[in-house]
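For reference, the structure is listed below as structure tokens.
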Amino acid sequence: MHAPVILLPSVTDVAHGSTGHQELKAVENSNDWSRGSRKQVSWLHMHKFGGTFMTKMARLQGETFPLSSINANWMPDFCSTPRGLRVLCAERTGVSSSSSHISWSAMERELDEGDFCEDALVGTILREPLGALQSVLSHDQFDRKAILETLRNCYEAAPAKHFMYQPPADFISNASKCLPEWDTYHHFDNFATRTLGGAYMAPPCGIDRSHLEVAKNQLRRMDVVMILEELGSHLPQLKDIFRWNMTLVQPWKKINRKPGQKPKHVPENLPAQTTTPKPKIKTPPFTSEDMQFLKQSNAIDLELYEFALSLARNKTLKAHQHSLAMGDNEPLESSRVVEDMDALRERVAQRLSLRGRLHDFSGVNALA
């Protein structure tokens, strides 16, 4: 019996460029709404936690990304960028720099204390940890045995092999691979707490409750916190905090692209490009026995998730109440947006059921 996997769009589906023509048309044809003096958004994109989905939604809203961004990442600050090489909030929001027109960028790495500043809004999505483990194992084609051996021994003899996406060199020459070769057990050993708690490079089994408290405090500081499994119910935060037009929010549509085909949203003056072909390797999922072990190993992340559930719901309630106080009486629950989200959740549930994977080992349905 395996934990369910929530399917999310691949980074290569919406990776390159700033805005696609269809999305621009959608924005141009909408009412001339404005975010006014809203601050720039820095979105913490935790790997396989819905970050690419948020990039697509931001694009539909007409948010402006950094020049030559990949999945809204402010290059060369890409996947798993180490400390000292990151593009931090002061640089992203600098009035005297070329960033003054940018409204949205992502951070697909560990949260840095320098990612917070007065001139930016910060947000993220969390998801049920056990479902995330299965998703990362499958998507990044990790060596399952090597990962489990590292976690059982609390020691990494060698980095577990996995697929590494390499952005095309003729698009951007200095982008690192995603995920880098060294970035392995981190995704299976209290990943969210590592990312939020300033302890990403801690050794296997090295995350403790002190890191959990730091992670909780960082979440409290954020302007928007949402839960992937409850995404439809958290839309009031996007409407109130980001001032998004909810009529433009649409569920994602996964678009498969063959290696060598021109990526979507690449500027028209660039030639067709070849990205790293992803080998067709079927990675065996974690077994029930594996999941029992991983549930114990990721107890801190499970506790963080429960905290985030409560925090996100409180932020959503506060955002909804603020919207009502501002005279917005439209019941979001009955809108087409939530209907689309519910329909998407239903389709995913049906696919998982057909695969015999709807039952969640942890007893918590990740699609609920």
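The values are calculated or read from the model by the stated rules, or taken from the named source; none is laboratory data. Given the structure is predicted, the values throughout are model-derived calculations rather than measurements. Positions of Cβ are backbone-derived with ideal geometry, glycine not excepted, and every protein chain shown enters the neighbour counts.
Please give the number of the condition THR184 fails out of (1) crowded, with 22+ Cβ neighbours inside 10 Å; (2) closer than 19 Å to PHE307 by Cβ; (3) in contact with an Asp or Glu (Cβ under 8 Å, 6 or more places away or on another chain).
(2)
Which of the residues that make up region 134-159 are charged (D, E, K, R) and either surrounded by fewer than 15 Cβ atoms within 10 Å (Cβ to Cβ) or in contact with an Asp or Glu (Cβ under 6 Å, 6 or more places away or on another chain) (or both)?
LYS145, ARG152 - these are the residues of region 134-159 that are charged (D, E, K, R) and either surrounded by fewer than 15 Cβ atoms within 10 Å (Cβ to Cβ) or in contact with an Asp or Glu (Cβ under 6 Å, 6 or more places away or on another chain) (or both).
Given the condition at pLDDT 65 or above, of a type outside the set (A, V, I, L, M) and in contact with a helix residue (DSSP H, G or I) (Cβ under 6 Å, 6 or more places away or on another chain), answer yes or no: does some residue in region 322-345 qualify?
yes
When only residues in region 205-216 that are touching a helix residue (DSSP H, G or I) at 6+ places or on another chain (Cβ under 8 Å) and surrounded by fewer than 20 Cβ atoms within 10 Å (Cβ to Cβ) count, which is nearest to ILE147 (Cα to Cα)?
CYS205
Does region 195-206 contain at least one residue that is in a helix (DSSP H, G or I), under 24 Å from CYS154 (Cβ atoms) and at pLDDT 95 or above?
Checked region 195-206: at least one residue is in a helix (DSSP H, G or I), under 24 Å from CYS154 (Cβ atoms) and at pLDDT 95 or above.
Please work out which residue is surrounded by the most Cβ atoms within 10 Å (Cβ to Cβ), limiting yourself to region 226-242 and to residues that are within 16 Å of the chain's Cα centre (by Cα) and over 21 Å from THR64 (Cα atoms).
Out of the qualifying residues, it is MET226.
Cβ contacts < 6 Å: first residue surrounded by 14 or more Cβ atoms within 10 Å (Cβ to Cβ), restricted to region 309-330; second residue of a type in the set (D, E, K, R), any location; separation 6+ or different chain. Result?
From region 309-330, the pairs are ALA319/ASP240; HIS322/ASP240; SER323/ASP240.
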